[in-house]
Amino acid sequence: MATDIKQQALEKHYEWQGKIEVISRAPVNTREDLSLCYTPGVAQACLEIEKDPSLSYKLTRRKNLVAVITDGTAVLGLGDIGGLAGMPVMEGKCCLFKEFAGVDAFPICIKSKDVDEIVRTIELISDSFGGINIEDISAPRCFEIERRLKEKLDIPVFHDDQHGTAVVVGAALINAVRCAGKQMKDITVVINGAGAAGIAIGTFLLNMGIGNLIMVDINGIINKDDKYENPAHAEMAVKSNKNNIKPGLVSEDMIKSMAEKPIVFAMANPEPEIMPDKALAAGAYIVGTGRSDFPNQINNVLVFPGIFKGALQCGAKAITEEMKKAAAYAIADIVTPDKLSREYIIPSPLDKSVAEAVATAVEKARQEEDSLSLQ
């Protein structure tokens with residue numbers, strides 16, 4: 001099945017020769033049309049923006065345009081294949097932005113692995129966009145790139161591999177906990193993998209109020225007694241693992257020793273850390289994966305289109321923790337109590353109502369933050 005999909009996808013990419021294109025919003029059929037959208041009429045819009053740069057959001061497409069940017073160092077599960085080879089993924093992301101949220105997005109592949117060069121490149125082109133979606137950049141460089149860009153730019157910067165994944169996992173966990181009759185404050189979450197996504201998920205779930213977090217990397221459980229070269233790991237060592245336990249690597253057998261009604265999100269693709277049937281047989285109450293051929297697909301396409309749409313519509317300069325929490329609850333609430341079940345804790349990635357719900361929640365969170373800042 002996987003081989004068939006890969007071959008079909010390759011054939012389609014030869015057929016499509018690109019998944020996005022630029023469409024003119026202005027008619028150019030007459031001399032007057034030409035004078036209005038281009039010279040000499042366009043000069044007036046230029047002069048207005050020169051006087052007031054904020055008018056770029058009203059006189060150009062900037063208000064609805066996101067840059068999807070990669071250096072190609074962590075593309076899907078393929079690793080460091082380079083920006084050019086990552087272009088099909090970036091185009092696909094742009095396609096999803098448009099299809100699910102009506103947001104225009106443009107793929108940009110940077111031919112550099114140098115953090116300074118990448119940050120400077122994005123900074124120099126940022127005036128063309130209303131938001132920056134960083135994609136498929138390896139850890140720990142991605143943390144530094146995002147941090148510096150947030151400091152330099154006055155538009156939303158969002159590393160989807162981190163925060164989009166964190167929000168969708170948070171949404172799935174909200175409903176899994178509801179379904180299992182548990183409380184966030186009472187659960188212990190174990191995350192196997194401490195890369196960009198794992199660190200972001202852990203941080204986000206702590207902010208959502210989980211009782212305890214245990215993070216496991218290739219060397220075992222992250223704990224405050226060990227020393228870490230990666231600053232993100234060092235920070236997580238302080239935040240997580242309240243009891244400072246230090247056993248070896250997590251095995252599949254841990255499911256059998258988990259608390260009552262255990263929840264398992266096996267997110268690795270294409271092969272989950274444990275197949276759903278085996279997890280259920282081992283005692284898992286709810287199982288989610290990143291795959292479309294099992295129930296409870298936890299896919300960040302439920303997050304990034306709507307979260308950017310909301311941020312762009314309300315003119316946000318950043319995507320805050322409160323916006324991300326609002327997005328997670330908006331996604332979770334699409335699954336109404338009468339439909340919530342062990343095999344339905346999160347909406348389908350193809351549910352196009354999700355983006356609008358997320359956008360509305362993000363805008364509301366922004367308004368509440370603004371009102372609090374004025375008090």
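The values are calculated or read from the model by the stated rules, or taken from the named source; none is laboratory data. For clarity, every value in this text was computed on a predicted model and none was experimentally measured. Virtual Cβ from ideal backbone geometry, glycine too; neighbours counted across all protein chains shown. Side chains are part of the model used for accessible areas, which takes the heavy atoms of the whole protein and leaves out ligands, DNA and RNA. Shrake-Rupley method; radii C 1.70, N 1.55, O 1.52, S 1.80 Å.
Points worth noting:
- Among the GluC sites (Glu not before Pro) within the range 286-375, those in coil by DSSP and having at most 13 neighbouring Cβ atoms inside 10 Å are GLU343.
- Inter-label distance, nm, simple model (7 Å from Cα along the C-beta direction), LEU34/HIS13: 4.0
- Shape category assigned to the range 252-370 from the gyration tensor of Cα positions, a/c cut at 1.5: prolate
- On a per residue basis, the range 286-375 carries 45 Å² of accessible surface, using protein heavy atoms and a 1.4 Å probe.
- Element breakdown for the chain at a 1.4 angstrom probe: carbon and sulfur atoms account for 55% of the accessible area.
- Annotation for the range 95-146 versus the range 49-87: alpha-carbon center distance of 5 Å.
- Net charge dipole, the range 78-166: roughly 60 debye, given to the nearest 20, about the Cα centre with Cβ charges of +1 for Lys and Arg and -1 for Asp and Glu.
- Peptides 86-95, 63-72 ranked from most to least packed give 63-72, 86-95, packing being the mean of other C-beta atoms within 10 angstrom over each peptide's residues.
- Restricting the trypsin sites (Lys or Arg not before Pro) of the range 265-350 to loop positions (DSSP other than H, G, I, E, B) with no more than 12 neighbouring Cβ atoms within 10 Å leaves LYS339.
- The figure for LEU76 is an accessible area of roughly 130 square angstrom, using a 1.4 Å probe on the protein chains alone.
- Counting charges near LYS58 (Lys, Arg +1; Asp, Glu -1) among other residues having Cβ under 11 Å from its Cβ returns a value of +1.
- Mean Kyte hydropathy of 0.0 or more with a Cα span along the axis of at least 24 Å, helices from DSSP in the chain: 83-101, 160-180
- Assigned charges on the beta-carbon of Lys, Arg, Asp, Glu; the range 250-375 dipole about Cα centre (debye): 160
- Cβ-placed point charges (K, R +1; D, E -1), dipole of the chain about Cα centre in debye, nearest 20: 600
- Of the cross-linked pairs LYS111/LYS309; LYS152/LYS309; LYS93/LYS324; LYS224/LYS261; LYS111/LYS325; LYS224/LYS309, those separated by over 31 Å at the C-alpha level are LYS111/LYS325; LYS224/LYS309.
- Length-normalised contact order for the chain - Cα pairs under 8 Å, 6+ apart - percent: 14
- Low-density loop cleavage sites - GluC sites (Glu not before Pro) in the range 19-68, where at most 15 other Cβ are within 10 Å (DSSP): GLU21
- Taking label points 7 Å from Cα along the Cα-to-Cβ direction, LYS224 and LYS278 give a separation of 3.6 nm.
- Nonlocal amide H pairs with LEU213, under 5 Å, H built at 1.01 Å: VAL189, ASN241, LYS242
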